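No lab work stands behind these numbers, since they all come straight from the coordinates. These numbers were taken from a predicted model, which means no experiment stands behind them. So basically every Cβ, Gly included, is an ideal-geometry build from the backbone, and we count neighbours across all protein chains shown.
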Amino acid sequence: MTIHARHVVGALVAGLLIVPSAACTGNGKTATDSFTVGLLLPSRVAPRWENSDKPLIEQRVKQLCPHCNVTYANADNDSTAQRQQMIAMITKGVRVLILGATDDRAQRSSVQEAHDAGVPVVAYDRLADGPISGYVSFDSVKVGALQGQALLTAMHAPARDGTIVMMNGDPTSSNAMWFKTGALSVLRGKVRIGRSYDTAGWNTNNANANMSAAISALGPRRIDGVLAANDAIAAGVISALKSARVGRLPPVTGQDADLDAVQRIVDGEQTMTVYKSFRAEAEAAAAMAVALGRGDKLRAIATTTTDSPTTHDIPSVLLTPVAVTTANIKQTLIRDGVYSIAQICTPQLRAACAKAGLTP
């Protein structure tokens with residue numbers, strides 16, 4: 001897959017996503033038309049899908065098209081179930097689909113069936129194979145690079161010093177490959193990779209089992225850092241380290257800014273997470289879906305194009321991720337309204353929050 005012009009200026013994207021709610025479209029329709037948008041998300045493993053992406057997409061679709069509806073399904077990491085959900089939505093007459101694929105390749109035939117039925121598909125967060133009409137995500141290579149650099153910084157690692165474990169994402173996800181590519185672009189030649197694992201389903205329990213195997217192979221005190229691809233994986237890693245009675249936890253990365261991960265960062269158990277503005281991603285996808293549902297082109301929304309293994313020049317919005325540590329929680333997650341200080345700073349974390357400057 002080749003990605004062109006990956007960096008997107010946030011202000012430019014924000015400006016492009018403003019779609020007048022009563023504007024006339026090229027085919028004579030206005031925002032008062034009504035249709036159904038199908039929303040398919042991959043799992044409940046990461047809290048973001050149900051807690052952030054779903055309500056934000058629903059809200060933005062309703063703002064852009066007051067008489068439109070959103071029908072929703074979650075695949076619970078089951079590709080067969082997601083295929084059935086897609087076919088059911090097509091059969092029931094949705095005009096456009098937003099797809100967060102469980103498996104990029106497994107949904108190719110479903111995407112083709114949607115295309116053949118005249119139902120455009122917006123790939124959400126993960127680029128599925130097949131004739132995709134639009135794509136919204138983040139610069140995945142940049143995500144991995146942010147994780148790798150944060151790990152090196154936390155380890156104070158000079159060249160070829162320190163042993164790390166790489167806890168990668170689900171191998172069925174192209175994002176996982178790009179995260180790993182980005183991380184390795186920073187880590188190669190700077191650390192020794194003692195063990196590397198793929199984490200099926202991005203699952204915390206699978207991550208725990210893999211990390212336990214790494215500890216057994218390398219020794220609990222010979223792991224100087226862990227590159228965990230997301231926060232669910234980080235949770236499994238940290239649990240395994242604690243079970244092995246590692247007194248001082250090595251630096252552990254993450255991604256998705258899950259609330260429990262942010263609390264682990266404040267508490268000193270996790271080094272960082274990668275914040276990807278769910279609102280910006282959701283609003284871009286909703287804007288694409290509404291435009292496609294009205295039969296419009298995506299030139300006013302897409303800021304670049306992406307090639308998948310099956311489709312070239314997919315109109316795309318690729319947003320910029322941000323590394324989050326204790327130093328900038330207030331300037332990122334709290335400023336953007338993702339969480340409040342009260343949500344993060346439970347009674348058990350009040351002292352740690354005060355040390356981090358997280359006070360009302």
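Here are a few things to note about the model shown:
- Unsatisfied cross-links (Cα-Cα over 27 Å) in the set LYS54/LYS297; LYS142/LYS330; LYS62/LYS92; LYS54/LYS330; LYS92/LYS142; LYS62/LYS180: LYS92/LYS142; LYS62/LYS180
- Choice from VAL191, VAL122, VAL324 showing the highest fluctuation, given a GNM over the chain with Cα pairs closer than 10 Å: VAL191
- For the chain, convex hull volume per residue from C-alpha positions, Å³: 131 Å³
- Least to most buried among ASP78, ASP125 (fewest other Cβ within 10 Å first): ASP78, ASP125
- Segment ASP161-ALA88, length gained on full extension (0.36 nm per residue, minus Cα span): 20.9 nm
- Alpha-carbon centroid distance for the pair the range 332-360 / the range 147-188, whole angstrom: 28 Å
- Proxy reagent accessibility, fewest Cβ within 10 Å first, across THR36, THR80: THR80, THR36
- Percent antiparallel among DSSP beta bridges (both partners in the chain, rounded to 5): 20 percent
- Summed over qualifying helices (DSSP H, 4 residues or more, each -39500 (n - 2.57)) and divided by its residue number, the chain shows a 222 nm mean residue ellipticity of -11000 deg cm²/dmol.
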